[in-house]
1. If the Cβ limit is 9 Å and pairs must be 6+ apart or interchain, which residue in the stretch 51-64 that is in contact (Cβ under 8 Å) with a residue 60 or more places away in the chain and under 16 Å from Y81 (Cβ atoms) pairs with which residue that is part of a helix (DSSP H, G or I) and open to solvent by less than 70 Å² (accessible area, probe 1.4 Å)?
2. Would you say A54 is under 25 Å from A156 (Cα atoms) and buried (at least 18 other Cβ atoms within 10 Å of the Cβ)?
3. Filter the stretch 109-124 down to residues that are without any contact (Cβ under 8 Å) to a residue 12 or more places away in the chain and not in a helix (DSSP H, G or I) and give me whichever is farthest from F46 (Cα to Cα).
4. Answer with yes or no whether L127 is free of Cβ contacts under 8 Å to residues at least 60 places away in the same chain and either over 24 Å from A54 (Cα atoms) or outside any helix (DSSP H, G or I) (or both).
5. Give just the number: which of (1) free of Cβ contacts under 8 Å to residues at least 40 places away in the same chain; (2) open to solvent by 50 Å² or more (accessible area, probe 1.4 Å) does S31 not satisfy?
6. Hey, any hits in the stretch 131-147 for a residue that's part of a loop (DSSP other than H, G, I, E, B), closer than 23 Å to F80 by Cα and open to solvent by less than 60 Å² (accessible area, probe 1.4 Å)?
7. Would you pick out the residues in the stretch 21-70 that are assigned to a loop (DSSP other than H, G, I, E, B), farther than 18 Å from C137 by Cβ and of a type outside the set (A, V, I, L, M)?
8. For residues in the stretch 152-192 being hydrophobic (A, V, I, L, M, F, W, C) and in a loop (DSSP other than H, G, I, E, B), which is farthest from H16 (Cα to Cα)?
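The values are calculated or read from the model by the stated rules, or taken from the named source; none is laboratory data. Values in this document were obtained by computation on a predicted structure and should not be read as measured data. As a convention, Cβ positions derive from the backbone with ideal geometry for all residues, glycine included, and neighbour counts pool all protein chains shown. Ligands, DNA and RNA are excluded from the accessible area calculation, which covers all protein heavy atoms including side chains. Shrake-Rupley method; radii C 1.70, N 1.55, O 1.52, S 1.80 Å.
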Amino acid sequence: MKSATQFARAVSWMGHPLVVVTVSVGIVVLSRLARRDALSVLLVLFVSMILPTALLLFGGVRSGHWSDADISVRTERKRFYPVVIPLLAIGIVALWFLPASNFVLRGALVTFALFLVAAIANFRIKLSLHALFAFYCSAILFRINQLFGGIAFALAVILFWSRLHLQRHDLAEMLTGTLLGLGGGIVAAWWP
């Protein structure tokens, strides 16, 4: 049991939305854009969204606003969403002016919409952002490369188990995050 919990913690850490999204965005951008354009887009995304979100998460833990970088307590998320959503909006504007490809821009817009839905849902349920973004990214990666998508989906399923095992979420919260993520991934990558 102890080794299962250690494994679940490791999976949960590696499956943190910031890690999953960063790796997935890197794969998408590098596979869809010319090298020079990809580096510009990655730099803009890093400076406008990824780094500020990481600083927000770890600063929130350090200051005591949040008990952990997962923001596992629903009431703590009330302070997270009002800051991260405008950060995403800034990143979208930066991508628009870059200009990024339609595929990347659509992904950023869908990510923004998913955060809005999660913020609204937070009034009733603490849906799993881990599951949401793991399944979201796996659906997008399937569009890029079936092998990458398959690996991402398998990891998302293991992450689903880990969050339940660690009792960070109940089944309804996990399923809500999973279904939103899959739906968002379909809209971002597969919708006409």
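1. Listed by first residue and then by second, the contacts come to nothing, as the list is empty.
2. no
3. R124
4. Yes, satisfied.
5. Condition (1) is where S31 drops out.
6. Here is the first cut: in the stretch 131-147, the residues part of a loop (DSSP other than H, G, I, E, B) are 145.
Restricting the remaining residues to those that are closer than 23 Å to F80 by Cα gives none.
No, there is no match, as no residue in the stretch 131-147 is part of a loop (DSSP other than H, G, I, E, B), closer than 23 Å to F80 by Cα and open to solvent by less than 60 Å² (accessible area, probe 1.4 Å).
7. Across the stretch 21-70, the qualifying residues are G64, H65, W66, S67, D68.
8. The first filter runs over the stretch 152-192 and keeps only residues hydrophobic (A, V, I, L, M, F, W, C), leaving 152-161, 164, 166, 171-172, 174-175, 179-180, 182, 186-191.
Narrowing further to those that are in a loop (DSSP other than H, G, I, E, B): 166, 190-191.
Details: L166: 14, W190: 24, W191: 26 Å.
So, considering only residues that are hydrophobic (A, V, I, L, M, F, W, C) and in a loop (DSSP other than H, G, I, E, B), the one farthest from H16 (Cα to Cα) is W191.
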